[in-house]
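Read the structure below first, then the notes.
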Amino acid sequence: MRNSNRIILAIEKFPQYLVTQIQGGIPNTEVDGKDIYADVVYEVTPQGEIVWTWHAYEHLNPETDIITAQDERHEWSHGNTVGELADGNIVLSFRNISTVVIVDKNTGEII
């Protein structure tokens with residue numbers, strides 16, 4: 001990032017109470033028959049301190065951001081790309097839901 005921090009794209013377990021809301025994908029392909037992972041983005045200082053976090057499940061909609069028919073359900077959004085835009089906002093590309101978003105870095109909202 002321009003401020004010398006790093007932006008890291010990772011995955012985390014999707015909250016179990018929301019798993020049944022996720023639509024699409026190949027049936028019965030969840031991890032251990034019940035778990036699904038989603039993306040999380042961290043901004044990390046050169047010293048390793050996390051200074052910003054963005055959870056996909058807090059901003060995408062599992063009922064309308066549907067896993068494409070050919071993808072397994074073990075991972076909901078499957079981020080391929082994360083980057084900082086010139087205005088400081090964040091761009092993310094999600095393969096499994098066929099979506100590209102821009103995240104307002106100040107609010108965390110998808111714009």
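The values are calculated or read from the model by the stated rules, or taken from the named source; none is laboratory data. Remember, predicted model here, so these are calculated numbers, not experimental data. Neighbour counts run over all protein chains shown; Cβ positions are idealised from the backbone, glycine included.
Quick one: Met1 ticks every box in (1) closer than 24 Å to Asn96 by Cβ; (2) touching a strand residue (DSSP E or B) at 6+ places or on another chain (Cβ under 7 Å) bar one, so which box is it?
Only one criterion is unmet by Met1, namely (1).
Pairs needed: first member in segment 57-86, at positive phi; second member anywhere, in a loop (DSSP other than H, G, I, E, B); C-beta distance under 6 Å; at least 6 residues apart or different chains.
These pairs meet every condition: His78/Arg95; His78/Asn96.
Within segment 90-104, how many residues are surrounded by fewer than 16 Cβ atoms within 10 Å (Cβ to Cβ) and either modelled with pLDDT under 95 or not in a strand (DSSP E or B) (or both)?
The total comes to 3.
Go over the candidates Asp65, Asp39, Asp87 one by one and state the one that is among the charged types (D, E, K, R), in a loop (DSSP other than H, G, I, E, B), modelled with pLDDT of 95 or more and surrounded by 13 or more Cβ atoms within 10 Å (Cβ to Cβ). Even if it seems obvious, please write down each step before you answer.
Values: Asp39 fails: in a loop (DSSP other than H, G, I, E, B); Asp87 fails: surrounded by 13 or more Cβ atoms within 10 Å (Cβ to Cβ).
Every option except Asp65 fails the conditions.
Kindly check whether there is at least one residue in segment 12-28 that is under 19 Å from Ser93 (Cβ atoms) and of a type in the set (Ser, Thr, Tyr).
no
For Lys34, all conditions in the list (1) surrounded by 16 or more Cβ atoms within 10 Å (Cβ to Cβ); (2) basic (Lys, Arg); (3) at pLDDT below 95 hold save one; what is the number of the exception?
Checking Lys34 against (1) surrounded by 16 or more Cβ atoms within 10 Å (Cβ to Cβ); (2) basic (Lys, Arg); (3) at pLDDT below 95, the one that fails is (1).
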